[in-house]
Structure formats: structure tokens, C-alpha cells
Amino acid sequence: MRRLFTLFLALCLFSGALAAQAPAAAPGERELPAGLIVPEAAKPGPGFDVDKATQSYIDLLTPEQRAQSDAYFEGGYWLQLWGFLYGLLVCAVLIASGLSVRMRNAAKRISHRPWLYTAIYGAFWLVSAELLSLPWALYTGYFREHAYGLSNLSMGAWFGEAGKGLLVSLIIMPWLIAGIFAAVRKAGESWWLRAGVASFAFLLLLIMVAPVFINPLFNDYKPLPEGPVKSAIFSLARANQIPTDNVMYFDASKQTTRVSANVSGFAGTTQVSLNDNLLEKTSLPEIKAVMGHEMGHYVLNHAVRNLAYISIVLMFGFWFVHKLIDRAIVRVGTRYGITERTDPAVLPIAVAVFSFYMLLATPVINTIIRTAEKEADLYGLNSAREPHGFATAAMRLSTYRKIHPGYWEEVIFYDHPSGYDRVHSSMLWLQENQELATGQP
């Protein structure tokens, strides 16, 4: 345990050193000014040029803002790799220290029933992995976000949110882990297929209950206040046959400086939400454009479609673990007292293998999500009819998302269309619908 504490302290110092290297930025230096922005070259007219209009929006970012945006987003590419390697280190510590086996033995002393001691082990594993991962989480979720002017959380508030997240995981994850190991014990060679099907059902249930039981733990969700914004959004919702009692706003400003909106839930719990930053920092055309996009997700039923596709990816991940786990046990596990795949103490090894698969699958998952986001972009343009609002909102997001990536860069790393793509789509829509933008026949 002394060596574990020494390693933990070293990782904390490492996260602090990384944080010291990140460039500090105030939100005001990063953000675009409030209000709708329409560059001269983007105004509709006989000589309207899509490429020039797009470039005029891109030029709204100063060289300093663009450099900072690129640095933040490109740094995220490396975070994926370093996060994966850090996760491997955590798994190695849990196995090599004997902690995983000791947690399994302690769980068995509490109960001899396989499903129950596996769930208890899962709770032990979550807590230990969370503690070992804390330095990395602090750097990525607190220090780095503050360095780029993207977080409003104090250190205490950050720990409070992390604690709530851990409690939610402790309520849910041990039973999911117990279910997977039950499939391994009972289904034998076909366990990965059952686990893949069960993952779809579990995730579907999770997105149904999230708006009701989970999201309110982190934010207050309220009906929109009366005024022009509510009137415009409700009109848009009614036009797209979305129940207006499913449109809410929440207090994200206590956590972040980002503007955002989302669709959460499924069936009777589906909810379209916008954050208070979007209400306070943007114009009505931007809000309508963003909400048109989110309503596109609602109408096109992207939640279930994406869930089905990602469940297939997860199923192949379970198959990948199935194919490699026995060899990993022989090579690594046996020397530390782990001899079979049904032993819950093997979980860190299985997580390491699954994490490697998920790293390889990153472009696939990103493409699934990015494709749905593109569809929602086009739906939003056609429903809200606010091309300048959508272009301005895209530029606001581009203050922390690299605006013009290369082709393969976008395919591999982007789970949303790039800012350039979104502005270009807006200007292309405007070129073909100038009479709607100008009100002239």
C-alpha cells in the first residue's frame, strides 16, 4: 500500500505539472462578442458567393483565438492516447499490486453467491479505479478546462460533481458488471453476443431514466421563462410536432462557459434542453438555429438509432475481449492469482483489452455520431431557416473546436461536423434560399 500511495502522489504531481504547461485564458479573450454576427460578404444578394461568405465567417476569429482553439482541440487528440495509457497503468496497478485479488477475496467473504460477490467486487473496483484515476481526471476535467477559460467550477464544486458521478456509478455499474460475468458463466463461448444484446437494453433504459433521475442531480431543469425566446422556440416545437412541455432550460453556467443544447431521454421521457449560457450569450436567431438542430435529433429519432449502432460496436468489443482474454490471463493473470475468465478479479485485464478496442474503434463511433449531427444540422437549417444564426453559433463553438481540419483528421477525431463544414452548409442553404432570408420574392 505504501508503493500505491507513492505512485498516487507521483501521479498527482504529474497532473499539476501538466496543468502548469497549459496556457491560461480568460473567457472574454476566447469568446466572440454577444449578438448575431453577419459579415458583409455573407449578406444575401445577386453576387452572393458561398466560399467568400464562409471565409468571412472564419475570419471572425483572430489569429490568437484560432491558435488557442487549435491548441485546445489538437491537444485533445493526444489526451485520447495518454488517457488510454493512463488507464492501462491503473489496470496494471490493480493487478500487479494484488489489489484486485484482495478485493475479490473480500467480496467473497461478504457473500458466497457469485452474482452478489461480483457486484460487491464491482463496487470495490469502481472506487479504487476512481481514486487511481483522480490525478488524470483533475488535469483533464479541472486544470486544463480552467486554463482555456472553459470551466466555472471551483475545486470544491468539481469534487462535488465527481462525487455525485461516482455515487451514480456505484448504484448502476456493479449490477452491470455482475450481469456480464453471469453471461460469461452461463453462456460460455456465446457470452459476448448476449452481453451485446443486453447492452442495448441497458443503455436504452439508462437514457430513459437519465432526464428524470440522473440529470437533475447535476443541474436544475426549469420551464423556459416567458418572452420572445420562449414564443419562438415553442412555435418551432409545435411546427415540428414536438410537445412543448418537453422543452426546458438548465443552469450549465455554474459548470462551464460553453453554449449548448441537447436531446435526452426516450419515448415519454424525451426532452429538448438548452443551457442558460445559450440564452444569455447569444441572439434569438442563434437560439432558433440551435434548437432547430436539437429538434432534428428528436424528430429523426437519432437517440435510438445511434444507440443501436453503438451497441453493435460494443458487441464486437465484447467479442474482441472474448478472443484475447484467455491469452491475457495466461500471460499476465496467472502470476497474480487469476486463472479463469469467470473470476471477477480479471476485470482490470478485461478493461485494458476493451479499452484498446475502443481506442481503435474511435473513428467508427465518431463517424456514427457525426453523421447524425450532420443530418440534424440540415434539418435545423430547413426548420429554423436561420442560416446566419447557425453560422454564428458554429463560430462560437469554434473558439474551442478546431475550425478547419483535414479530411482524415475530421474522420478520426471529430464527433461533430467541423465549424467550417457547418458555416459552409449554412451559406450554401442561404444561397439557395435567399428569398427566405431577405423576405423578398
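The values are calculated or read from the model by the stated rules, or taken from the named source; none is laboratory data. Source: prediction; values computed, not measured. So basically every Cβ, Gly included, is an ideal-geometry build from the backbone, and we count neighbours across all protein chains shown.
Can you confirm whether the range 175-196 contains a residue that is surrounded by 15 or more Cβ atoms within 10 Å (Cβ to Cβ) and under 17 Å from S264 (Cα atoms)? Checked against the condition, which is being surrounded by 15 or more Cβ atoms within 10 Å (Cβ to Cβ) and under 17 Å from S264 (Cα atoms), the range 175-196 yields no hits at all. Please identify the pairs in which a residue from the range 337-348 that is within 9 Å of R104 (Cβ to Cβ) has its Cβ atom under 6 Å from the Cβ atom of a residue that is buried (at least 19 other Cβ atoms within 10 Å of the Cβ) and of a type in the set (D, E, K, R), counting only partners at least 6 apart or on another chain. Cβ pairs passing all conditions: P344/R104; A345/R104. For the range 219-242, the set of residues classified as within 24 Å of R385 (Cα to Cα) and surrounded by 13 or more Cβ atoms within 10 Å (Cβ to Cβ) consists of L224, V229, K230, A232, I233, F234, L236, A237, N240, I242, listed by residue number. Within the range 157-183, residues that are more than 10 Å from W115 (Cα to Cα) sit with their Cβ atoms under 6 Å from residues that are among the aromatic types (F, W, Y) and part of a helix (DSSP H, G or I), at 6+ positions apart or across chains, in these pairs: W158/Y142; A183/W191.
Would you point out the residue of the range 26-76, among those that are within 24 Å of the chain's Cα centre (by Cα) and part of a loop (DSSP other than H, G, I, E, B), that is surrounded by the fewest Cβ atoms within 10 Å (Cβ to Cβ)? Among residues in the range 26-76 that are within 24 Å of the chain's Cα centre (by Cα) and part of a loop (DSSP other than H, G, I, E, B), the one surrounded by the fewest Cβ atoms within 10 Å (Cβ to Cβ) is A26. Taking the numbered list (1) free of Cβ contacts under 8 Å to residues at least 60 places away in the same chain; (2) within 24 Å of S253 (Cβ to Cβ); (3) not in a helix (DSSP H, G or I) in turn, H112 passes all entries but (2). Of the set (1) in contact with a Pro (Cβ under 8 Å, 6 or more places away or on another chain); (2) on the phi > 0 side of the Ramachandran plot, all apply to G188 but (1). For the range 246-277, the set of residues classified as under 14 Å from K222 (Cβ atoms), in contact with a strand residue (DSSP E or B) (Cβ under 8 Å, 6 or more places away or on another chain) and not aromatic (F, W, Y) consists of N246, V247, M248, D251, A252, S253, Q271, V272, S273, L274, N275, D276, listed by residue number. In the range 197-218, which residues are among the β-branched types (V, I, T) and surrounded by 17 or more Cβ atoms within 10 Å (Cβ to Cβ)? Listed by number, the residues that qualify are I207, I214.
For E130, the test of being free of Cβ contacts under 8 Å to residues at least 40 places away in the same chain, in a helix (DSSP H, G or I) and of a type outside the set (A, V, I, L, M, F, W, C) is passed.
Conditions (1) of a type in the set (D, E); (2) under 30 Å from V290 (Cβ atoms); (3) out of contact with any Cys (no Cβ under 6 Å at 6 or more places or on another chain), marked per residue:
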site	(1), (2), (3)
L167	no, no, yes
I177	no, no, yes
A201	no, no, yes
L206	no, yes, yes
Y221	no, yes, yes
E226	yes, yes, yes
S235	no, yes, yes
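On the basis of being under 29 Å from the mean Cα position of the chain (by Cα), aliphatic (A, V, I, L, M), crowded, with 18+ Cβ neighbours inside 10 Å and at pLDDT 95 or above, does I120 make the cut?
Working: under 29 Å from the mean Cα position of the chain (by Cα): yes; aliphatic (A, V, I, L, M): yes; crowded, with 18+ Cβ neighbours inside 10 Å: yes; at pLDDT 95 or above: yes.
Judged against the criteria, I120 is a match.
Of the residues making up the range 374-385, at least one is among the charged types (D, E, K, R), crowded, with 22+ Cβ neighbours inside 10 Å and either touching a Cys at 6+ places or on another chain (Cβ under 6 Å) or at pLDDT 95 or above (or both). Any residue in the range 281-288 that is touching a residue at least 60 places away in the same chain (Cβ under 8 Å) and either at positive phi or within 21 Å of the chain's Cα centre (by Cα) (or both)? There is no residue in the range 281-288 that is touching a residue at least 60 places away in the same chain (Cβ under 8 Å) and either at positive phi or within 21 Å of the chain's Cα centre (by Cα) (or both). The numbered conditions (1) of a type in the set (S, T, N, Q); (2) farther than 30 Å from Y142 by Cα; (3) at pLDDT 90 or above are all true for N246 except (3). Within the range 77-90, can you find the residues that are surrounded by 18 or more Cβ atoms within 10 Å (Cβ to Cβ) and among the aliphatic types (A, V, I, L, M)? If the condition is that a residue be surrounded by 18 or more Cβ atoms within 10 Å (Cβ to Cβ) and among the aliphatic types (A, V, I, L, M), then V90 is the only one that fits. Looking at G188, G163, just one residue is within 24 Å of S128 (Cβ to Cβ) and out of contact with any helix residue (DSSP H, G or I) (no Cβ under 6 Å at 6 or more places or on another chain), and that residue is G163.
Just wondering, is there one or more residues in the range 402-418 that are buried (at least 19 other Cβ atoms within 10 Å of the Cβ), touching a residue at least 60 places away in the same chain (Cβ under 8 Å) and in a loop (DSSP other than H, G, I, E, B)? Yes, the range 402-418 contains a residue that is buried (at least 19 other Cβ atoms within 10 Å of the Cβ), touching a residue at least 60 places away in the same chain (Cβ under 8 Å) and in a loop (DSSP other than H, G, I, E, B). Of the residues R370, R327, the single one that is part of a helix (DSSP H, G or I) and free of Cβ contacts under 8 Å to residues at least 24 places away in the same chain is R327.
Note on the range 129-161: among residues that are surrounded by fewer than 16 Cβ atoms within 10 Å (Cβ to Cβ) and hydrophobic (A, V, I, L, M, F, W, C), the one that is farthest from V90 (Cα to Cα) is A157. Condition first: in contact (Cβ under 8 Å) with a residue 24 or more places away in the chain, buried (at least 16 other Cβ atoms within 10 Å of the Cβ) and either basic (K, R) or part of a helix (DSSP H, G or I) (or both). Can you find one or more residues in the range 256-268 that meet it? The answer is yes; a qualifying residue exists. Just one of the listed residues (E226, E280) is part of a helix (DSSP H, G or I), out of contact with any strand residue (DSSP E or B) (no Cβ under 8 Å at 6 or more places or on another chain) and of a type in the set (D, E), namely E280.
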